[in-house]
Amino acid sequence: MKRSIQGPGFGPRQESGEADDILRTLALLRERERLQVGDISDALSVSRQAAHRLLSTLHFHGFVTRGSENGSFAAGPVLLELGLSVVGKVDIRTQLRPYIEKLAEEIGETVHLISLSGRDALFLLSVEGSRMVRVAGRTGQKIEAHLTAGGKALLAQLNTAEVRKLLGRQKLVGRTPTSLNDPERLAADLEETRRRGYAISEGENEVDVVAIAKAIDAGPYASCAAVSVSIPAARATRKFRNGIIAGLLRCVDEIEKSGDGLSRIRP
């Protein structure tokens, strides 16, 4: 049975079915970073079972992704890709791919382009290194931002209040013994990141991976993305890291100096 739904920003009152419910659900993500099944049920006046089926369908196709807490859902990689392609007619992945590929070739390690998506780090682009033993690419994947170097580099661009609002005050997810799942430890790490100018993840998502990342200063919309390098922990000596850091800083500096229309891109 069809029903009539109306609301601000959704156009005139009209009869709606499943397609309309899907579009209205996606529209809700403009206003809220995360949605619960109950939110959809209330907004669309449907049963919780119907709301769950709707979110499951969107999740299957990549339009939403499951959050790390309370069964919530957030905008998925497909939506972000569409948004990045539309805003200013600029696709940040295409635009920055030459820089990412150049750095991966220079250092022989896997390089990622990362953006924040709510509480998570979204891997927009990965270019694998040439070494036989290397970290695999993660294009399209989401990982809790505080567990990744790229995520921490971007979180460090926010002030303490903004980080607290984004991540909440509760204990954070931890995956390894070195994961920063305590808000106070994370705050101290972000302060060190700000002082140092780049972020480091010491096996905080995977025990055998070290990552180093720096946020891109994109003019008035600063830090919409970060460049991150992932290396196997077994070869992450101090000397080797110094070479990685030098290449990373040089790459980000080239991006910032080139301009390349980055100021038109919102995260």
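The values are calculated or read from the model by the stated rules, or taken from the named source; none is laboratory data. The structure presented is a predicted model; accordingly, all values stated were derived computationally and were not measured. Quick reminder, even Gly has a Cβ in these numbers, built from the backbone with ideal geometry, and neighbours come from all protein chains shown. Note: accessible area is taken over every heavy atom of the protein model, side chains too, but ligands, DNA and RNA are not part of it. Shrake-Rupley method; radii C 1.70, N 1.55, O 1.52, S 1.80 Å.
Ranked by the mean number of other Cβ atoms within 10 Å of their residues, highest first, the peptides 122-135, 198-211, 176-189 come out as 198-211, 122-135, 176-189. Note on the range 91-179: Cα-only Rg and Dmax are 14.5, 43 Å.
Each of the peptides 136-146, 44-54 was scored by the mean count of other Cβ atoms within 10 Å over its residues; in descending order, highest first, they stand as 136-146, 44-54.
Subtracting the Cα-Cα distance of Lys102 and Ala246 from their residue separation scaled by 0.36 nm leaves 50.5 nm.
Normalised by 2.2 N^0.38 Å, where N is the number of residues, the alpha-carbon radius of gyration of the range 24-65 equals 1.03. Residues whose amide H comes within less than 5 Å of that of Thr110, counting only those at least five positions distant or on another chain, are Gly129, Val135, Ser230 (H built at 1.01 Å from N in the peptide plane). Model label points for Glu192 and Ser56, set 7 angstrom from Cα along the Cα-to-Cβ axis, are 4.4 nm apart.
The peptide list 224-231, 190-197, put in order of mean Cβ contacts within 10 Å with the highest first, becomes 224-231, 190-197. Atom-type composition of the exposed protein surface of the range 105-176 places 47 percent of the accessible area on carbon and sulfur (1.4 angstrom probe).
Of the cross-linked pairs Lys171/Lys257; Lys102/Lys152; Lys171/Lys214, which ones have a Cα-Cα span greater than 31 Å in the structure shown? Table pairs above 31 Å Cα-Cα are Lys171/Lys257. Computed with the Debye formula from one identical point scatterer per Cα of the range 183-255, without solvent, the log10 of I(q)/I(0) at q = 0.28 Å⁻¹ comes to -1.33.
How much FRET efficiency would the formula 1/(1 + (r/R0)^6) give for Glu18 and Thr139, where r is the Cβ-Cβ distance and R0 is 25 Å, rounded to 0.05? It comes out at approximately 0.25. Spatial offset of the range 162-232 relative to the range 240-260 amounts to 18 Å, using the alpha carbon center of each.
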